[in-house]
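Asker: One structure, as C-alpha cells, below. Some questions next.
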2 protein chains.
Amino acid sequence: MTTPAQSLPEMGNQLARARQAAAELAQFSAVHRNTILLSIAKAIVSGADSILAANEEDLSACELSGSMRDRLLLNRSRVNAMAEAVQNVAELPDPLQDEPIEWIRPNGLLIRKVRVPLGVVGIIYESRPNVTVDAVALCIKAGNAIVLRGGKEAAQSNRRLVEIMNTTAGLPRGAIELLDSSTRNSVKDLISARGMVDVVIPRGSAEFISFVVENATVPVIETGAGNCHIFVDASADFDMADRIVINAKTQRPSVCNAAEKLLVHRDIAREYIPRIVRQLIDSGVEVRGDAAVQKIVPEVPVAKAPDWDLEFLRMCIAVAIVQDVDGAIQHINLHSTKHSETIVTSNEVNARRFLNYVDSAVVYWNASTRFSDGGEFGFGAEMGISTQKLHCRGPFALRELTSLKYQVVGNGQIRP
Amino acid sequence: MTTPAQSLPEMGNQLARARQAAAELAQFSAVHRNTILLSIAKAIVSGADSILAANEEDLSACELSGSMRDRLLLNRSRVNAMAEAVQNVAELPDPLQDEPIEWIRPNGLLIRKVRVPLGVVGIIYESRPNVTVDAVALCIKAGNAIVLRGGKEAAQSNRRLVEIMNTTAGLPRGAIELLDSSTRNSVKDLISARGMVDVVIPRGSAEFISFVVENATVPVIETGAGNCHIFVDASADFDMADRIVINAKTQRPSVCNAAEKLLVHRDIAREYIPRIVRQLIDSGVEVRGDAAVQKIVPEVPVAKAPDWDLEFLRMCIAVAIVQDVDGAIQHINLHSTKHSETIVTSNEVNARRFLNYVDSAVVYWNASTRFSDGGEFGFGAEMGISTQKLHCRGPFALRELTSLKYQVVGNGQIRP
C-alpha cells in the first residue's frame, strides 16, 4: 500500500510516525498503557503554568466572545479537571481485554478472534482544549496512536498540551501528533490519508461533518449532528411534558442532544400548545410553528420548509401538530439526523411503537434527550455520539476505538 | 434529511421504495423472515426454466470466455444450489436475536441496547448470478432491504432472479430493488445516496473498490482486495511449506485469499528458493523475484517496484528474501492490503510475533491463506471479507448486516 500524497510535506512525516507508534502501542500491556496515562495526568498538573500562558495567547489573539470564548478559556481548575479526566480513563476496564473467543474447525484449524486497537485515529474538532486531552487519553487507553487537528483559535493551548503529554516516559514518538491548524489542507490531507489513518472522527457543525463525509476516503465515524425531536402524545402528563421540553431545549441549547423540534398530538394541540409555547417564550426561546400551530397561537411565526431539517443549536424550536404516534414517527424518520428522539406518553402501546419504529441512535420514553452522552449512559467517558449505523451508534468511547483480528493456527492445512 | 439528487429518475423511486420496505422488514419476526426465505428458495426452483432462459440470453450476448464465462453460466444444478443456499440461510440463527443488554442508571433511567437491521444495504458486484441470491438471502435474514447493482453481463439473469424472488408472498414491495446495470451512473448515484442507503458493499477488483471508497458518501465496507503473503521462516518444514505455497497460489488463483507474494528467510534461501521456484513453474505459475532471489535463480525475471503492492489474481507470484521474521512483518505491513497472511515455521516465538504484529484481518500459522472465507470459518454464509477495521474485519455475514440502537425508558427524568 503506497502512501497517499500529502500537500503538506511535514504532515507525511507526522502520519508515518503515528503509523509506527501505533504498531508499538498495539503491543503494550494494559498496565503499561495505564502507567502512561497516569504520567500524562501528572505532567498536565505540573505544566499548568505554561498551559495557562499558552491559553492566554490564544485568548488575546481570538475574536470570540461570550460562550464561544468561554469554551476556549482555561483556568487552574479546568486544567486540574483535564488531568483528573485522564486519571479516570486510566481506571476504566481495558477495552482490549476481551473474553477469548476461539473455536476449532473440523479440519483442525484453531480460529481465535482477538481484540486489537484500530491503529491510527484522526480527530478533527474545535475550540475546547479539553477535547485534546480527552481524545488522547481514550486513544492511548485503547492502544491507538492519535492524530489531532484542533481549531486554529486553540492552536497555542493545543500545542503546549501536546508538547507536555509527549514528554511522558514510555510513550512512543509519534503516538500523539498535532497537525497544523492554520490551513484547511491539513484536514483535507488527513481525511484522504487512506492506508495511513484507520478512522477519522469529525466533531463540529453539521456542515463540517458533511464536508468530511463527502470528501473522506478514510473510514469516518459521523458524530454529533442532532436534529432531535420531542413528541407529546395525547395521553402525556402535561407537567412531565413541560419539564422535558424545557429541559431538552434550554438546559444547554448549543449541544447535539438538545431538542430542536416539538411534535404535538392533534387531540391535545388546542390545550397543550398555548401552554408550552408560553413557557418556551418565557424561557427566552424563539418559537416557530407550522400552519396548524399558527391557527392556535397566531403570534408564532411560520416555520420555513428547511427549518424541519435544521439543527438550530440555539434558543429556537419549531413546533408541528401530528395526527398520532405514526404521524410523529413518519415526520421524525423523514427529518431527523437519527440522533435522539423522545416520546412523552402514558400509553405503553404508543411508547413501544415509537421506541421500535423511530430509526434513531437513542430513542426515549418519558425522558429528556439530553441524556444521550457517554457519561450519562455510564460508559465513564465519551469520544462522541455516532449518528451512523456502521461500527457504533449513539454514545461511544473505548470499546469503539478497537477492532478485531483473526489468528488461525494450523499444522499444514491446505484447502482441498 | 433531504433526498440526494439522483441522475437516474427511476432510481430515486427505487431507493425510496427500499427505504420504506426496510422500515417494514425491521418489524418482522424471525419466523416471518425465515418463511419468506423458504418461499424464495421454492420460487427459484420452480422458476428454473425461465432463469436458465434468461441466463442463455446473457451468455449469447457476452464476449467472455473461459473461467469468466463459467462464472456467468447457470445450469439446473447451479440453480438448485442457489435455492439450497437460501434454505441454509433460513436455518441459521437469527442475527437480530441478541441476549438483551440493559442497565439502570442511578437516576432511574433504564437503558436497553437492542440489535436492529442496518436498513438499506447496497451491494455492487460482478458476473456471478448466485451472488444476487446469496446477498438477498443474507440481507432479508437480517431484516434489511437490499439494493443490487450487478454486472451488465448478467443483466437478464439478475432481472429474472429478482422478478422471481419479488413474487414471494409477504415480502414488502421494495425489499429487493435491482438497479440499471447498463450505466455507471447507477453506481455513482448509489454510493452517494446518503440518508437513503445505510451501507454500500462493493465487491470486485481492487481498482473498482478504490473507486467506490474514493467517491462514496454512504458508509462503505471495503471488501476483497487481497495482496496476501506467505513467509517461510528458517525453521519451516519444507514439505509443509511446499504444500501451503502451491495450494495458496494455485488452487484458485483468481480469488482474494490466494497468495500473491512469497517471502523467504535468508538463512534457508539458497536451499528453499530453487526448490519452490521449480515447483511453482512446474505448476504453471509465473515467478518474479527481487535481486537477491535472482542471484540464486537467475532465470527468474525481476519483480518491478509496483509488483509488491499488486494483487495479481492470476498464476503469478513475486518472491523476496527477508532477513528474519521482523523483516517479513515489516514488508507485509508496508505492502499488504491487510487481508490474509501466513507464516510457515516450527518456531513458536516467531509465530506468535507474526500473529501479533502483522496488521491484517486474518493471520495464519502453518496453514494456507485460502481459508479466509465465511464458510471455512464456520459462519454458515459470507457477505464478503472486510479489509477495513471499522464495523467488521475479515469474513463477515449476518451479524455484520445489523446495527444497534438504545431504547431508554424513564419517568420524567431531566438533566440537572
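The values are calculated or read from the model by the stated rules, or taken from the named source; none is laboratory data. This one's a predicted model, so the numbers in the text were calculated from it and none came from an experiment. Methodologically, a virtual Cβ is constructed for each residue, glycine included, from the backbone with ideal geometry; neighbour enumeration extends over all protein chains shown.
Asker: Could you tell me whether any residue of region A:192-204 is touching a Lys or Arg at 6+ places or on another chain (Cβ under 7 Å) and on the phi > 0 side of the Ramachandran plot?
Answerer: Within region A:192-204, none of the residues are touching a Lys or Arg at 6+ places or on another chain (Cβ under 7 Å) and on the phi > 0 side of the Ramachandran plot.
Asker: In this structure, does A:A206 turn out to be in the same structural domain as A:C62 (by TED's automatic domain parsing), farther than 17 Å from A:Q388 by Cβ and touching a residue at least 60 places away in the same chain (Cβ under 8 Å)?
Answerer: Working: in the same structural domain as A:C62 (by TED's automatic domain parsing): yes; farther than 17 Å from A:Q388 by Cβ: no; touching a residue at least 60 places away in the same chain (Cβ under 8 Å): yes.
Taking the combined requirement at face value, the residue does not satisfy it.
Asker: For the subset of region B:372-404 comprising residues that are of a type in the set (F, W, Y) and more than 10 Å from every other protein chain (Cβ to nearest Cβ), which member is surrounded by the fewest Cβ atoms within 10 Å (Cβ to Cβ)? Give the steps one after another, and end with the answer.
Answerer: First pass over region B:372-404, keeping only residues of a type in the set (F, W, Y): B:377, B:379, B:396.
If we keep only those that are more than 10 Å from every other protein chain (Cβ to nearest Cβ) as well, we get B:379, B:396.
Values: B:F379: 17, B:F396: 24.
Taking the candidates together, the pick is B:F379.
Asker: Ok, one more. Looking at region A:334-347 only, could you name the residues that are assigned to a strand (DSSP E or B) and of a type in the set (G, A, S)? Don't jump to the end; show me each part of the working.
Answerer: Step one: list which residues in region A:334-347 are assigned to a strand (DSSP E or B), which gives A:340-344.
Correct list: A:S340 only.
Asker: Output the strands (runs of 3 or more DSSP E) that fall wholly within region A:21-124 and possess 2 or more residues being at pLDDT 95 or above and more than 30 Å from B:F371 (Cα to Cα), or say none.
Answerer: Working: elements: A:101-104, A:110-117, A:120-124.
Correct list: A:120-124.
Asker: Further question: For region A:348-363: of the residues being outside any loop (DSSP other than H, G, I, E, B) and surrounded by 24 or more Cβ atoms within 10 Å (Cβ to Cβ), which is farthest from the other protein chains (Cβ to nearest Cβ)?
Answerer: The first filter runs over region A:348-363 and keeps only residues outside any loop (DSSP other than H, G, I, E, B), leaving A:348-357, A:362-363.
Filter once more, keeping what is surrounded by 24 or more Cβ atoms within 10 Å (Cβ to Cβ): A:354, A:362-363.
Working: A:F354: 9, A:V362: 4, A:V363: 5 Å.
Here the answer is A:F354.
Asker: Further, regarding this structure: Taking only region B:100-116 into account, find how many residues are surrounded by 15 or more Cβ atoms within 10 Å (Cβ to Cβ) and over 32 Å from the mean Cα position of the chain (by Cα).
Answerer: Here the count works out to 4.
Asker: Considering each residue of region B:157-181, count those that are crowded, with 19+ Cβ neighbours inside 10 Å, under 19 Å from B:M82 (Cα atoms) and among the polar types (S, T, N, Q), and give that number.
Answerer: 3
Asker: Looking at region B:364-386, which of its residues are assigned to a strand (DSSP E or B) and closer than 17 Å to A:G412 by Cα? Even if it seems obvious, please write down each step before you answer.
Answerer: Taking region B:364-386 as the starting set, the residues that turn out to be assigned to a strand (DSSP E or B) are B:364-367, B:384-386.
Scanning region B:364-386 gives B:Y364, B:W365, B:N366, B:A367.
Asker: Can you tell which of B:G174, B:G150, B:G204 is at pLDDT 90 or above and in contact with a Phe, Trp or Tyr (Cβ under 7 Å, 6 or more places away or on another chain)? Before the answer, list the steps.
Answerer: Numbers: B:G174 fails: in contact with a Phe, Trp or Tyr (Cβ under 7 Å, 6 or more places away or on another chain); B:G204 fails: at pLDDT 90 or above.
That would be B:G150, the only listed residue that is at pLDDT 90 or above and in contact with a Phe, Trp or Tyr (Cβ under 7 Å, 6 or more places away or on another chain).
Asker: Return yes when B:A291 is under 29 Å from A:P117 (Cβ atoms) and more than 14 Å from chain A (Cβ to nearest Cβ) and no when it is not.
Answerer: In short, no.
Asker: Filter region A:383-416 down to residues that are under 19 Å from A:A206 (Cα atoms) and charged (D, E, K, R), then give me how many there are. Walk me through it before giving the result.
Answerer: Of all residues in region A:383-416, those under 19 Å from A:A206 (Cα atoms) come to A:383-390, A:392-396.
Checking which are charged (D, E, K, R) leaves us with A:389, A:393.
Summing the residues that are under 19 Å from A:A206 (Cα atoms) and charged (D, E, K, R) in region A:383-416 gives 2.
Asker: Same structure again: Have a look at A:V319, A:V300, A:V287 and point out the one that is assigned to a loop (DSSP other than H, G, I, E, B), buried (at least 18 other Cβ atoms within 10 Å of the Cβ) and in contact (Cβ under 8 Å) with a residue 12 or more places away in the chain. Let's see the steps before the verdict.
Answerer: Working: A:V319 fails: assigned to a loop (DSSP other than H, G, I, E, B); A:V287 fails: assigned to a loop (DSSP other than H, G, I, E, B).
Step by step, each of A:V319, A:V300, A:V287 is checked, and only A:V300 is assigned to a loop (DSSP other than H, G, I, E, B), buried (at least 18 other Cβ atoms within 10 Å of the Cβ) and in contact (Cβ under 8 Å) with a residue 12 or more places away in the chain.
Asker: Using the structure shown, decide if A:N366 is polar (S, T, N, Q) and more than 8 Å from every other protein chain (Cβ to nearest Cβ). Explain how you work it out, then say what you get.
Answerer: Numbers: polar (S, T, N, Q): yes; more than 8 Å from every other protein chain (Cβ to nearest Cβ): no.
Considered against the rule, which asks whether it is polar (S, T, N, Q) and more than 8 Å from every other protein chain (Cβ to nearest Cβ), A:N366 comes out as no.
Asker: For the structure I just gave you, tell me whether B:V408 is β-branched (V, I, T) and at the interface with chain A (Cβ under 9 Å from one of its Cβ atoms).
Answerer: Values: β-branched (V, I, T): yes; at the interface with chain A (Cβ under 9 Å from one of its Cβ atoms): yes.
In short, yes.
Asker: Can you spot a residue in region A:329-347 that is without any contact (Cβ under 8 Å) to a residue 24 or more places away in the chain, surrounded by fewer than 22 Cβ atoms within 10 Å (Cβ to Cβ) and polar (S, T, N, Q)?
Answerer: yes
Here is a yes/no grid of residues against (1) over 30 Å from A:S192 (Cα atoms); (2) in contact with a strand residue (DSSP E or B) (Cβ under 7 Å, 6 or more places away or on another chain); (3) surrounded by 14 or more Cβ atoms within 10 Å (Cβ to Cβ); (4) acidic (D, E):
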site	(1), (2), (3), (4)
A:A16	no, no, yes, no
A:A23	no, no, yes, no
A:R33	no, no, yes, no
A:G47	yes, no, yes, no
A:A54	yes, no, yes, no
A:A61	yes, no, no, no
A:G66	yes, no, no, no
A:N75	yes, no, no, no
A:L92	yes, no, yes, no
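Asker: Checking A:A142 against (1) out of contact with any Pro (no Cβ under 7 Å at 6 or more places or on another chain); (2) modelled with pLDDT of 95 or more; (3) under 25 Å from A:S403 (Cα atoms), which single condition isn't satisfied?
Answerer: (1)
Asker: Still on this structure: Is there a residue in region B:48-65 that is of a type in the set (V, I, T), in the same structural domain as B:N158 (by TED's automatic domain parsing) and under 24 Å from the mean Cα position of the chain (by Cα)? Please lay out each step first, then the result.
Answerer: Quick first cut of region B:48-65, residues of a type in the set (V, I, T) only: B:51.
Keeping just the survivors that are in the same structural domain as B:N158 (by TED's automatic domain parsing) gives B:51.
Add one more test, that the residue is under 24 Å from the mean Cα position of the chain (by Cα), and what stays is none.
No: region B:48-65 contains no residue that is of a type in the set (V, I, T), in the same structural domain as B:N158 (by TED's automatic domain parsing) and under 24 Å from the mean Cα position of the chain (by Cα).
Asker: Let me ask something else. Tell me yes or no: at least one residue of region B:308-327 is among the basic types (K, R), under 27 Å from the mean Cα position of the chain (by Cα) and within 11 Å of another protein chain (Cβ to nearest Cβ). Spell out how you get there, then give the answer.
Answerer: Of the residues in region B:308-327, the ones among the basic types (K, R) are B:314.
When the remaining residues are screened for being under 27 Å from the mean Cα position of the chain (by Cα), the result is B:314.
With the extra rule that they be within 11 Å of another protein chain (Cβ to nearest Cβ), the set shrinks to none.
The answer is no, given that none of the residues of region B:308-327 is among the basic types (K, R), under 27 Å from the mean Cα position of the chain (by Cα) and within 11 Å of another protein chain (Cβ to nearest Cβ).
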